[in-house]
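Engineer: Got a structure for you, questions after.
The values are calculated or read from the model by the stated rules, or taken from the named source; none is laboratory data. Not measured: the values here are computed from a predicted model. FYI the Cβ positions are ideal-geometry reconstructions off the backbone, even for glycines, and counts take in every protein chain you see. Just the protein is used for accessible areas: all its heavy atoms, side chains included, with ligands, DNA and RNA removed. Shrake-Rupley method; radii C 1.70, N 1.55, O 1.52, S 1.80 Å.
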Amino acid sequence: MVDYKGTRAEEKAISVTSKVVVSLVKTIKDTSYAAVYGDNCFTSIGLAMCLRSEYGCRYVGTARENRVGQPPIKSVKEMSKKTTQRGTLDYVSSDGILVARWRDNKIITILSTDVGVEPMGTVERYDRAQKEKVPIP
């Protein structure tokens, strides 16, 4: 829906930083083939939904915990416990939006309307206890 000033209603509901991304997406000629990647300064569920519904554009970005709502996955506090192993992944997908949380040196939260969690791979990370690089899922 477009109001009298030419601004879409969904764009009014997103944050100022998300509006920067929307402004840049408007310069893309054919957004149906585009995927936008962002960092946690810009990423929010509102932005991902706006880009998908209004522009047909996909989005992937790291996210801050307070910008993804309360998805039914482990919280940052819970994943930060020493009992949670490095490489632990928890995710939820609903309405085409994926929110994933992974533990590495820090807790990483990812929001995506473009990619899923499969296929899973491994990365090499240094383990202080073993004093060598070990594979982490």
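Engineer: Calculate how steeply helix 16-25 sits against the longest principal axis of the alpha-carbon atoms of the chain, using the helix alpha-carbon long axis, and give the answer as 0 to 90 degrees to the nearest 10.
Structural biologist: Roughly 70 degrees, rounded to the nearest 10.
Engineer: May I ask you to rank Thr62, Thr84 by accessible area, largest first, using a 1.4 Å probe over the protein chains only?
Structural biologist: The ranking, largest first, comes out as Thr62, Thr84.
Engineer: Order Thr122, Thr113 by their accessible area, 1.4 angstrom probe, all chains in place, largest first.
Structural biologist: I get Thr122, Thr113, largest accessible area first.
Engineer: Further question: Over segment 18-76, give the accessible area per residue in Å² for a 1.4 Å probe, as an integer.
Structural biologist: Ligands and nucleic acids excluded, the result is 55 Å² per residue.
Engineer: Pick the calculated Rg/Rh (Cα atoms, Kirkwood Rh) for this structure from (1) 2.04; (2) 1.19; (3) 1.06?
Structural biologist: For Rg/Rh (Cα atoms, Kirkwood Rh), the calculated option is (3).
Engineer: Out of the total accessible area of the chain (probe 1.4 Å, heavy atoms of protein only), what percent is carbon and sulfur?
Structural biologist: 54 percent
Engineer: State the extension gain, in nm to one decimal, for the chain segment bounded by Ser93 and Glu65, taking 0.36 nm per residue of separation less the distance between their alpha-carbons.
Structural biologist: 8.5 nm
Engineer: Please return the longest range in the chain lying between exposed loop sites, taking trypsin sites (Lys or Arg not before Pro), DSSP loop only, at most 16 other beta-carbon atoms within 10 Å, and leaving the sites out.
Structural biologist: 30-63
Engineer: Which entries in Lys26/Lys77; Lys29/Lys74; Lys81/Lys133; Lys82/Lys133 show an alpha-carbon gap greater than 28 Å?
Structural biologist: Check vs 28 Å cut-off fails for Lys26/Lys77; Lys29/Lys74.
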